[in-house]
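Reading through the C-alpha cells given below for one structure.
Any read-out appearing in this document is the output of simple, stated calculations on the displayed coordinates, not a laboratory observation. Computed from a predicted structure; not experimentally measured. Note that each Cβ is placed from the backbone with ideal geometry, even for glycine, and that neighbours are counted across all protein chains shown.
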Protein chains: 2
Amino acid sequence: MKVLGRLTPVWEALGAVLPLVKTVDDCEEVPTWKAVGAVLCEDLEAPWDFPPRLRAAYDGYAVDSASTPGTFRVVARVPVGTFPEVTLGKGEAAYVTTGAYLPDGSDAVVPQEAVEVRGDTIVVKEKYTPGKNADQIGEYVRSGERLLGAGTVITELDAAALLDVAITKVKVRRRLRVGVVSTGSELIVPGDPHEAAREVLRGKVVETTGTVIRSLLPPYVSLTGHAVVPDDYVELGSAVDRLLESSDALMLVGGTGPSEVDLFHEVAAGRGPRAYFRGLLMRPGRPTSLAVVGDKPIVGLSGHPVSAIHGYFRVVEPLLERMAGVARPPPRPFVHARLGSDVDAQMDLMLRVALRWEGDELWAFPIKKQQSTVTTSLLMSDGLAFLERGLTARGTPVRTLLVRGLRDSRRP
Amino acid sequence: MKVLGRLTPVWEALGAVLPLVKTVDDCEEVPTWKAVGAVLCEDLEAPWDFPPRLRAAYDGYAVDSASTPGTFRVVARVPVGTFPEVTLGKGEAAYVTTGAYLPDGSDAVVPQEAVEVRGDTIVVKEKYTPGKNADQIGEYVRSGERLLGAGTVITELDAAALLDVAITKVKVRRRLRVGVVSTGSELIVPGDPHEAAREVLRGKVVETTGTVIRSLLPPYVSLTGHAVVPDDYVELGSAVDRLLESSDALMLVGGTGPSEVDLFHEVAAGRGPRAYFRGLLMRPGRPTSLAVVGDKPIVGLSGHPVSAIHGYFRVVEPLLERMAGVARPPPRPFVHARLGSDVDAQMDLMLRVALRWEGDELWAFPIKKQQSTVTTSLLMSDGLAFLERGLTARGTPVRTLLVRGLRDSRRP
C-alpha cells in the first residue's frame, strides 16, 4: 500500500468534499402514491382537520344524542365510502357502517347490538353523549399540524397515512442521479453458467461488486447506468464522461488499487478536481478515493465487494444523503450489538461478525477471515460491524449491518 | 367486536394451519446471478478448492522460492484475469498483478518495490519461502466445505461471494406465488390527486393497505396479482377463485371486520376450508382470520394499514416462510429496544413507538394514539414494537420494526 502515500481520515475527506458537492434542489409536486422513496422538500402540514366530520366507529345507528333515550325512525343508510346526503330530522336515524360519516342532524352512534329493532324504527334505551362511538373531527390530524419534516424520505407507510387523510400530493425533490462504472480487464458479465465457471477458474472475475453497490442504493436515487469497462484509460475515460454528464454523482468500482493499473487516479486527476483524496484511513477499503469534478463527486471504490460495501457506507451514503437533502432516511437493517472482544485499530473498520444472543443481549464476534480478498467470508457472517478507529472495548454496542434476518432469541 | 366470538391465540391458529399448507418443493438449477432472493434447496458445498492455484497478493514477480535470493530473467507478464500459459524455467520470473494466478514453476511473489530491475532481469536480495505473498490454494474455500445451508434466502452478497469462487449455478426453489385481493366498496384506486382528495373528504378511501402489504413481501415471493374489488360476494368470490388458481397463498385485505359486510367469512366458509379461524387474539388486527382451502392458506387481513401490518408479521410471514422452506430469511430492519413502560396485555400487541437513545441503550416508548383507525400515527412513530401477551416489564428488550432509519447516537 506504499503507493497510496498518506491515508486521509474519512471524516477529514468527507468534511472537505461535502461543502463542494451540489445538492438537488429541484422540487415538484407529485401524487402521494408516486412519492414513495422520494425526499420531502418542505415541512408537511395537514391542510385540514381529518376526519372533516364525525365518523362512525361502529356499525349502528346515527342519532342526535339529545334525543336519547328514545325511539327513532330509520330513514337512510350510509355505508362507509358514501357521503351522507341526508339531513336527519327530529326522531330520525340513519344506519351507518364503521368508517362512514354521520349525517347532519346526528352526533352519536348507537351500536347495532344495543338497539331493539321494530320494523323501520329502533328503540334506544340509554342516554348517549355527543360524539359517542364516533371518531371526532380532527382526531387523526388537525389543520396546521406538522406531519413530516423536510428531508424525510417518504415510505410506503407514510404514503398510506397521508392518503388516509386526503393528502394526495406532496412536494418532493427529484431523484438523485447516480452512475456506476466497474473497471477491470479481468471482469466478465456472464451469460452461460458453465462457461463462466470455466473462465473464473482460469483467472477471470465475474462482475459483482458494482452490482452489489447498485443493490445498496437508496430509493431516492435513480441509476443512470452501469458500465463495465476494461482497464483502458480511453474506454474508461469515455464511460466516465458519458455517465457523468447525465449524473449527479459517480461511483467508479475497481481501478483504485496501488497497482500499475491505477486508473481512478488518472481519471480524477485528468478532470481538474476541486478536491481529491487518494486512499482513506479505513479497512477494508484503504484504496477508497474521492474527487470532486465541477460540483459532482466521483467516489473510487475497491473492486473487492467487502471493501466496496465499507466504502459505500462510510463515504458514498453520507454524500448521497447530503446531495439529496435527506434528514430522515428510510430504514436499513442496522442493529447495535456488543463487541465480543477489545479492538484497537488505527483505521475505521468494518468487521465481518457472527451474532449470538446471550440472554437478552446481542453480541458480535469478529470472524477469523477478515482479508478483503476473501469474499466468501460473507457467507459465514451474520453481520458487518462498523467501528471507528481507536480502542473499542469489549461490550461496546457497535452499529452492525445485518447480512441475514436476525432470529429473536426469545421467539418460540 | 362481539360478532367475532372467541378470539384464537395466534400460536394456536398457526399451529393448526402450518401442517396443512403445501410447501413449494420444485427445485431448479439457475445461474447464481438469477438466484438472488430465492431459497436454496439443499446445502451448498464448495465443488473445488478456490483459488485453484496460488494467486498473487501483490503486484510483483512470480519466482521459484528455492532460487531466492538470486537473479531472474523476466520472460512473461500475467495480468489479473489472464491464465498463465507459460511454465517458468530455472532462473525465470513472470510479472504478475494482484489477483493473477502464478505460472507453473513459481511459488512466491516478490513485490515490485523489493526488486532491483536491470533491463529484463531482476535482482532479488532476500530469501522467500514457498507461498509467500500469494493467496494459497483453497484459501477462500476448500472442496467439500459447506458454504450455505438449505433454506437460506440468497442475498446479493451471497451471489457475489459464490461467483467469486466460480460457483455459477445453484439449486433453488421456485418462487412462492402469492395473490392479494383488496375488498371494500369505499376503495378507490386514484388517478388524479385533486379528484382523489375530494373523494376521500367525501368518504372514499384510497386503496393503500394492500399496497403496503405487497411492499412487505419478501423476495422469495412473486405476486400473482392484486385485485381491488367492491364488497360484493360475487365479484369478490370470482377474484378469489381466479387468483387462488394461480397462487400458492392468498391475502384478502378488508372485509374481515364484524360489520354486516363481513365477506371473508362467506368466502372462506363457502370453499370448504380444512381449517378456519375467525378473529385472533392480537391487537391491532383482531379481525385477522385464517383459512386453509385445499392446501392453500387464505389470510384475512384488516383493511386498516396498521392492523394489516401486524397481521402480516404475526401470521402471513410465518406461513410464507414455512411454505417456501425458509430457514434463514433475508434481513429486515428489526432492532431490539427496551420497552419504556410496563405493558400488561391480554393479546399479542404491536405498539407504535418513539425510539430514543439513553446512553448506549435504545428505548421504545409507546406513543399515545394506538387506535387502528389512526393511520397517521405512523407518521409520528419511529418503530413498531412486537409484544407477546402477558406482562412485559419496563426495560425488556422488544423486537421492533424500524419505520425510519435509526440514527446512531454515538455517530458524529
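Name the shape class, rounded, prolate or oblate, that the alpha-carbon gyration tensor gives for the range B:334-402, where a ≥ b ≥ c are the square roots of its eigenvalues, rounded holds for a/c under 1.5, and otherwise prolate holds if a/b is larger than b/c and oblate otherwise.
Working: a/c = 1.86, a/b = 1.11, b/c = 1.67.
Oblate, because a/c is 1.5 or more while a/b does not exceed b/c.
Using the alpha-carbon centroid of each, what span in Å lies between the range B:353-372 and the range A:63-131?
So the two Cα centres are separated by 39 Å.
For residue A:105, what residues show an amide H to amide H distance below 5 Å, using hydrogens built from the backbone and excluding near sequence neighbours?
A:88
Along the principal axes of its C-alpha atoms, what lengths does chain B span, in descending order and rounded to whole Å?
The principal-axis extents, from largest down, are 93, 51, 46 Å.
Residue A:61's amide H: which non-local residues (gap 5+, or another chain) put their own amide H closer than 5 Å, with H modeled 1.01 Å from N in plane and none for Pro or chain starts?
When sequence neighbours closer than 5 places are left aside, the close amide H contacts are A:96, A:110, A:112.
For the range A:336-394, state which GluC sites (Glu not before Pro) are in a DSSP loop and have at most 12 other beta carbons lying within 10 Å of their beta carbon. Numbers along the way, then the final one.
Details: sites: A:358, A:361, A:388; in loops: A:388.
Nothing satisfies the criteria.
When Lys and Arg each count +1 and Asp and Glu each count -1, what net charge do the other residues less than 12 Å away from residue A:203, Cβ to Cβ, add up to?
Combined, the nearby Lys, Arg, Asp and Glu give +2.
Step through the residues of the range A:289-305 one at a time and calculate ³J(HN,Hα) from phi using the Karplus curve (6.51 cos²θ - 1.76 cosθ + 1.60, θ = phi - 60°), rounding each to whole Hz and writing x for Gly and Pro.
Computed from phi, the couplings for the range A:289-305 are 10, 8, 9, 10, 10, x, 10, 10, x, 10, 10, x, 10, 4, x, 7, x Hz.
Using 0.36 nm times the number of residues separating residue A:150 and residue A:361, minus their current alpha carbon distance, what extension gain do you get?
Extending this stretch completely gives an extra 72.4 nm.
Can you pull the percent of Cα pairs in the range A:274-370 with separation above 24 Å? Spell out each step's value before the answer.
On the way: 1652 of 4656 pairs.
Taking all Cα-Cα pairs of the range A:274-370, the fraction more than 24 Å apart is 35 percent.
For residue A:127, place a label point 7 Å from Cα along the Cα-to-Cβ direction in every copy; what are the distances to the other copies, in nm, shortest first?
Distances to the matching label points in the other copies: 10.5 nm.
Let me check I've understood the local charge: for residue A:120, count other residues with C-beta under 12 angstrom from its C-beta, Lys and Arg +1, Asp and Glu -1. What total comes out?
Here the charged neighbours net out to +2.
Find the eigenvalues of the gyration tensor of the Cα atoms of the protein assembly as shown, then list the square roots of 5 times those eigenvalues as equivalent ellipsoid semi-axes, largest first, in whole angstrom.
Semi-axes (√(5λ), whole Å): 59, 28, 23.
Any idea which of B:13, B:297, A:170 is furthest toward the positive side of the dipole for the protein assembly as shown, if Lys and Arg beta-carbons carry +1 and Asp and Glu beta-carbons -1?
Towards the positive end, the residue furthest out is B:13.
Of the listed pairs A:34/B:204; A:171/A:296; A:204/B:132; A:127/B:369; A:34/B:169, which have alpha-carbon separations greater than 31 Å here?
A:34/B:169
Can you classify the range B:55-135 as rounded, prolate or oblate using the Cα gyration tensor, where a ≥ b ≥ c are the square roots of its eigenvalues, rounded means a/c under 1.5, and otherwise it's prolate if a/b beats b/c and oblate if not?
rounded
Using 1/(1 + (r/R0)^6) with R0 = 45 angstrom and r between the beta carbons of residue A:369 and residue B:242, what's the FRET efficiency to the nearest 0.05?
0.30
Among A:18, B:223, which comes first, then next, by fewest other beta-carbon atoms within 10 Å?
Lowest count first: B:223, A:18.
Between residue A:345 and residues 5 or more places away or on another chain, which pairs have amide H atoms under 5 Å apart, with H built 1.01 Å from N, and which residues are they?
For residue A:345, whose amide H was placed from the backbone, the distant partners under 5 Å are A:390, A:391, A:392.
Using Cα positions and a limit of under 18 Å, work out the aspartates and glutamates in reach of residue A:90, with same-chain residues fewer than 8 apart set aside.
A:64, A:104, A:107, A:120, A:126
At 0.36 nm per residue, and after removing the present C-alpha to C-alpha distance, how many nm does the segment from residue A:202 to residue A:29 gain when stretched out fully?
Length gained, residue A:202 through residue A:29: 56.9 nm.
What is the order of A:373, A:152, A:121, fewest Cβ neighbours within 10 Å to most?
A:121, A:373, A:152
For residue A:11 and residue A:215, what does the FRET efficiency come to when R0 = 30 Å and r is the distance between their Cβ atoms, rounded to the nearest 0.05?
Values: r = 26 Å, r/R0 = 0.88.
Approximately 0.70, to the nearest 0.05.
Apply the membrane-span-like helix rule to chain A: whole DSSP H runs, Cα extent along the own long axis of at least 30 Å, mean Kyte-Doolittle hydropathy at least 0.5. List the helices found.
The qualifying helices: there are none.
Hey, fewest Cβ within 10 Å first, where do B:322, A:352 land in order? Before the final figure, lay out each step's value.
Working: B:322 17, A:352 23.
Ranked by crowding around the Cβ, least crowded first: B:322, A:352.
Build a GNM of chain A with springs between Cα atoms under 10 Å: which of A:74, A:205, A:267 gets the top mean-square fluctuation?
A:74
For residue A:345 and residue A:393, compute 0.36 nm times the residue count separating them, minus their Cα-Cα distance, and round to one decimal in nm.
16.2 nm
About the Cα centre of the protein assembly as shown, what is the dipole size in debye to 20, counting +1 per Lys and Arg Cβ and -1 per Asp and Glu Cβ, all else neutral?
1280 debye
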